[in-house]
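Below you'll find the structure, written out as structure tokens, and then a few comments.
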Amino acid sequence: MFGTKGLIHVYTGNGKGKTTAAFGLAVRACGHGAKTAIVQFMKGSCVYGELEGVKHLPGLTLIHTGRDVCIFMGEENEEDYAEAARGIGLAEEFITSGDYDLVVLDEINVASDMGLVDSNKVVDILRRKSPRTEVVLTGRNAPQDYIEMADYVTEMREIKHPFRKGLDERAGTEY
Ligand code: ATP
Ligand code: MG
């Protein structure tokens, strides 16, 4: 779909909209017949509306990796590393094989920032990216290396979020 012009996107920052923008791009690309893979990091168990929503999109492969809990910096265990490695192995195949038009690595920036994923490994995969494949990296605290390699870098910056008013997360908007 992109010929030999597949590019790299980074969606980062503390405001809302990174994951939903990436899924929106997948929906758009799907409308052009794209073969797409989405690999989610650190999202083991929870019910995410976007996953159910895109399940039936033609040409979409969806992989989610991670343990059944939210993990915080310093609480990672072996299973978290193993799950992240599984995600990276699949991401490498999807990005370098030339079989996919679009590959989204959702929350890869957070997983890299936490050290669950080796950012040098991701940079190596991006260097070997198939020229036809577009890649999207999402999540807060994107490593500088990813920003430098990317063609599109967008920072979602929080100006207001109802979380500040104590509003609980809502199905359909937050997850
Ligand atoms: P979304 O999934 O809605 O596109 P996101 O991917 O930009 O958001 P993450 O940093 O991945 O956001 O955060 C995950 C969850 O936290 C989502 O439910 C998101 O709506 C919510 N969220 C995003 N930004 C904020 C914020 N500034 N304060 C509180 N919650 C937020
Ligand atoms: Mg997100």
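The values are calculated or read from the model by the stated rules, or taken from the named source; none is laboratory data. Because the structure is predicted, anything quoted here is derived from the model rather than measured. Note: ideal-geometry Cβ built from the backbone for every residue, glycine included; neighbour counts use all protein chains shown. Accessible surface areas use protein heavy atoms only, side chains included; no ligands, DNA or RNA. Shrake-Rupley method; radii C 1.70, N 1.55, O 1.52, S 1.80 Å.
Assorted remarks:
- Of the peptides 81-88, 29-36, the ranking by mean beta-carbon count within 10 Å, highest at the top, reads 81-88, 29-36.
- Accessible surface area normalised per residue over the range 70-128 is 46 Å², counting heavy atoms of protein chains with a 1.4 Å rolling probe.
- Using R0 = 41 Å, the C-beta based FRET efficiency linking ALA171 and ASP118 works out to 0.75.
- Under 15 Å from LYS35, Cα to Cα: aspartates and glutamates that are on another chain or at least 8 residues apart: GLU93, ASP99, ASP101, GLU134
- Computed magnitude of the charge dipole of the range 83-160 (debye, nearest 20; Cβ of K, R +1, Cβ of D, E -1): 60 debye
- For the range 39-175, the Kirkwood hydrodynamic radius from C-alpha pairs, put into Stokes-Einstein at 37 °C and a viscosity of 0.692 mPa s, yields a diffusion coefficient of 204 µm² per second.
- Every helix of 4 or more DSSP H residues in the chain counts as -39500 (n - 2.57), and over all residues that averages to -10000 deg cm²/dmol at 222 nm.
- Placing +1 on the Cβ of every Lys and Arg and -1 on the Cβ of every Asp and Glu, with no other charges, gives the chain a dipole of roughly 740 debye about its Cα centre.
- Most mobile listed residue (SER112, SER97, SER130) in the chain, GNM with C-alpha springs under 10 Å: SER97
- Its Cα centre serving as origin, the range 14-88 has a Cβ charge dipole (Lys and Arg +1, Asp and Glu -1) of approximately 560 debye.
- For the range 14-91, convex hull volume per residue from C-alpha positions, Å³: 96 Å³
- Given charges at Cβ of Lys, Arg, Asp, Glu: the range 50-175 dipole, positive-most of ASN109, PRO143, VAL153: VAL153
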